[in-house]
Amino acid sequence: MNLYLRYFDKETLVTNVDDAIDFLGSIAEIGMNPVLEADIRDYVNSDVFYPKRYKIRPRVYFIIIKTDAATMQDFKEKRAVHVNAETGERERSASPVILRLNEERDGWYEGSIDFKRVLLVPGTGKYQYRDAHFVAQLKARSGLDCYNRIVEHLRQRVDERSQFPSAKGKNFKFHYLGAAKPIAE
């Protein structure tokens with residue numbers, strides 16, 4: 001596993017954490033110290049594959065990304081993929097939110113959505129956006145199916161200019177309540 005580091009226009013791809021710390025230590029503005037060094041080592045040794053961003057001062061950061069890219073060109077062209085430890089196959093990692101959304105489990109779901117609803121202001125006759133919260137319990141095949149059914153229901157009942165968030169965002173939440181019982185005849 002290699003590490004990509006960037007601070008403004010200074011960037012590098014290194015093969016180990018010591019080279020990464022040497023690179024960061026060569027940049028005076030970062031101010032490498034034992035606490036920062038220990039945190040970087042912890043991040044590199046962890047199983048987390050998300051990029052790590054470190055704040056230097058307000059609105060100024062450097063970033064570290066774990067990658068399987070062998071060269072800077074491979075990294076820039078996004079040719080690096082993670083190797084699945086169980087199967088040994090190379091694959092692009094998907095976000096956990098997307099995996100949960102697409103997981104097929106027939107049954108009952110409770111979904112909640114925060115969206116922007118267009119409402120008429122009675123005194124002025126003008127329309128404005130208002131935050132709205134909607135919760136429903138329904139039968140669905142997956143989290144994404146739950147989202148689609150809720151949005152379809154709301155589109156039939158609210159102004160067409162209302163705005164709905166992405167299913168992958170923080171404004172939609174769902175949880176599986178359990179399997180639907182078959183109807184006995």
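Quick rundown of the values:
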quantity: Residue satisfying condition, being touching an Asp or Glu at 6+ places or on another chain (Cβ under 9 Å) and at pLDDT below 80, within set 80, 94; calculated: 80
quantity: Matching option when the condition is open to solvent by less than 50 Å² (accessible area, probe 1.4 Å), part of a loop (DSSP other than H, G, I, E, B), within 24 Å of residue 119 (Cα to Cα) and among the aliphatic types (A, V, I, L, M), among 151, 158; calculated: 158
quantity: Close pairs (6 angstrom Cβ cut-off, 6 or more residues apart or separate chains): small (Gly, Ala, Ser) in region 53-73, at pLDDT below 90 anywhere; calculated: 69/75; 69/80
quantity: Residues of region 171-185 satisfying the condition of being at pLDDT 90 or above and in a loop (DSSP other than H, G, I, E, B); calculated: 171
quantity: Hits in region 42-69 (condition: over 16 Å from residue 8 (Cα atoms) and open to solvent by less than 80 Å² (accessible area, probe 1.4 Å)); calculated: 43, 44, 46, 48, 66, 67, 68, 69
quantity: Selection count where residues are under 14 Å from residue 55 (Cβ atoms) and open to solvent by 40 Å² or more (accessible area, probe 1.4 Å), scope region 11-30; calculated: 1
quantity: Residues located in region 127-148, provided they are part of a strand (DSSP E or B) and among the basic types (Lys, Arg); calculated: 130, 139
quantity: Given (1) modelled with pLDDT of 95 or more; (2) within 19 Å of the chain's Cα centre (by Cα); (3) of a type in the set (A, V, I, L, M, F, W, C), number of the condition residue 134 does not satisfy; calculated: (2)
quantity: Cβ pairs under 9 Å, 6+ apart, first in region 109-129 and open to solvent by 80 Å² or more (accessible area, probe 1.4 Å), second β-branched (Val, Ile, Thr) and modelled with pLDDT under 95; calculated: 117/158; 127/118; 127/121; 129/118
quantity: Of all residues making up region 37-77, the number that are touching a strand residue (DSSP E or B) at 6+ places or on another chain (Cβ under 6 Å) and under 13 Å from residue 7 (Cα atoms); calculated: 9
quantity: Matching entry among 134, 172, 164 (being under 13 Å from residue 110 (Cα atoms) and open to solvent by 30 Å² or more (accessible area, probe 1.4 Å)); calculated: 134
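The values are calculated or read from the model by the stated rules, or taken from the named source; none is laboratory data. Note that the coordinates shown come from a computational prediction; the quantities given were computed from them, not determined experimentally. Note that we place each Cβ from the backbone using ideal geometry, even for glycine, and neighbour counts take in every protein chain shown. Note: accessible area is taken over every heavy atom of the protein model, side chains too, but ligands, DNA and RNA are not part of it. Shrake-Rupley method; radii C 1.70, N 1.55, O 1.52, S 1.80 Å.
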